[in-house]
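Taking it in order: structure first as structure tokens, then the write-up.
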Amino acid sequence: MCGVGGIYIPDPQVMSDRHLGMLERMGKAMERRGPDAQGIVSNERAGLVHRRLSIIDLDPRSNQPMESADWVLSYNGEIYNFKSIRSELDSKYSFETTSDTEVLLLAIQEWGIEGALSRCAGMYAFLAYNKQTGLMYAARDRLGIKPLLMARLTEGEYCFASSVTAITKASPDQEWSPFKPALGSFFALGAPFTRSSVLEGIERIEPAHYVTCFPNGDFTTTRYWEPTYQPNFTMDDMLSVVAEYQVADVPSALFLSGGVDSTFLAAATEELDCFHLVSPEMNYAKAVADRFGRRFVAVEPNLDEYQEDIENVIRFHGEPLMSCGIPASVSREVRSNGYTMAISANGADELFHGYPRTPMPEYDPDYLPLHEEASRKYLFDQITHIFRDSRNFVIDGLEEHVPSIEILTYDILKKYHLPNFPRSASHRWMELMTYVLHDLNPTLDAASMYNSIEVRVPFLDHRIVEGVLSWDASMLVTPTLGRKAPLKQHLHQYLPMSFFHRPKLGFSIHGESLASIVKMANRALSTAKREGLIKFVRGARYGEYDRDMVTLEAICLTYMAWERMAREPVVS
């Protein structure tokens, strides 16, 4: 896991000391993503920078950017099937490392960008420059697990990086304005559900896409993957994929809530020590760790550092994040215990029908998949009743940019319709491409990378995603096992079924810790009202311990942290 950055210079410019300074500043901004090494490679047309967090092949020979005969590569992530890809290349190439980076580099050398991408399974964002053609490529993994952003600077250069902050630090003389639709989306939905970042001109490369930059200044965007129906996918296939996620040359851990998803990962892996955020499920989590012979560490959030965590992660990331405090606290504890890799169950709820909000049309023959009223009941559980009507609140300067639920519900389901899959698959795919993509993925990435640990998410591996989307709701939710039936069925050989018959809590803060955080967020809400940022019109129950209010408070807290960061001058 690392940080990547790059500059591509169209004609008639050439690389200068100014550009090299930009690359140095990008690297400095991403230091926590890769504290182990920094490298820069440049020529007249392009420059790449890389910050390394060493996970596989710790030798400096695997530092980046890495070069082949024709290519220069700066790569962030992990290719979990790199050993099988390497076996395809062994007869033609002599490998100098045992890293997945060299495998990706030589796969691009052998098969080109699309040929390499079609073979790779994992989480990744990379920049690849072809020294022969003068073209630059920027690619992002299929589920958008790893971030990659791009901007066109005022001098005409293209700038790429793993974070908004790295781009703004690279170009301190550039003026950046807030992108109001992204901020409106953040207030309404809890995350910027837009391709653009919250700064106008800095855009995310979309999942399963790559960008090609040409010397004349043009660029194109190409989609390289769509989900494919996998009718023969089995539990054994899933276990084989999860096994690949343990490949590492560093101490590794597991985020263990004690629920079905993380317990499944505990059963499917070996020798991963378990970290649990203190909760009412701690006894269950401890029982899971004991059952599989794992070390168990209970993490009690340090509330004195909680708000500081939020501010630091947002400053590092460059955009507001509603729920970064919890993963930041756990990631800090994991790192302080000497681990630099962890595995998380992110994405399992959305994929396996874990939430009641997701319709199950297989159980309802009269269900119309594009019916607005049917879709409204499940879409974006994060949207509380305060935000269901824009007349309920006023955000200074953003009123017209807050998306309407009436507009969102119908159009968004059409956008993510999967015609060749079971009917429930479209609803689950929509969750993965909205809430998971725009909220869970960037939150986990920023919180973990700020603490210099790599977090792997096997339930978002495209092979598992395709396979489980191919299972209809009647396989995932059964009368006897309830939700996530295949996972529970597999776990029954290790634990009694009664172990899972309890309310869902997840990886979250509870009890006195939650009450303290609510008070902190409530103060942020008071400040937001006092400064005129937000004004209630109706329906608010200010001061009550209410989930809707907690959501709004968290949004105000993180937005104001971002706003303070955004007002600071960018210096070189």
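Taking 0.36 nm per residue of sequence separation and subtracting the Cα-Cα distance, how much length would be gained by fully extending the chain between residue 83 and residue 114, in nm to one decimal?
Gain in length upon complete extension: 9.3 nm.
Once the Cβ-Cβ distance between residue 152 and residue 302 is put in as r, and R0 is 35 Å, what FRET efficiency do you end up with, to the nearest 0.05?
0.25
Rounded to whole Å, give me the distance from the Cα center of the range 188-256 to that of the range 308-326.
Answer, in whole Å: 21.
Would you mind getting me the FRET efficiency between residue 494 and residue 243? Use the beta-carbon distance for r and R0 = 22 Å, nearest 0.05.
The calculated FRET efficiency here is 0.85.
In the structure displayed, which of 131/180; 180/415; 169/415; 83/484; 83/286 lie more than 29 Å apart, Cα to Cα?
With Cα atoms farther than 29 Å apart: 131/180; 169/415; 83/484; 83/286.
So for each of 170-181, 11-22 I average, over its residues, the number of other beta carbons within 10 Å; can you give me the resulting order with the highest mean first? Mind showing how you got there, number by number?
Working: 170-181: 16.7, 11-22: 13.7.
Packing order, densest peptide first, comes out as 170-181, 11-22.
Could the peptides 49-58, 312-321 be put in order, highest first, of the mean number of other beta-carbon atoms found within 10 Å of their residues?
Numbers: 49-58: 23.1, 312-321: 24.6.
Packing proxy ranking, top to bottom: 312-321, 49-58.
Read-outs: derived from the displayed coordinates by stated rules, not from any lab. Because the structure is a prediction, the values reported are computed rather than measured. Reconstructed Cβ throughout: ideal geometry from the backbone, glycine too, with neighbour counts over all protein chains shown.
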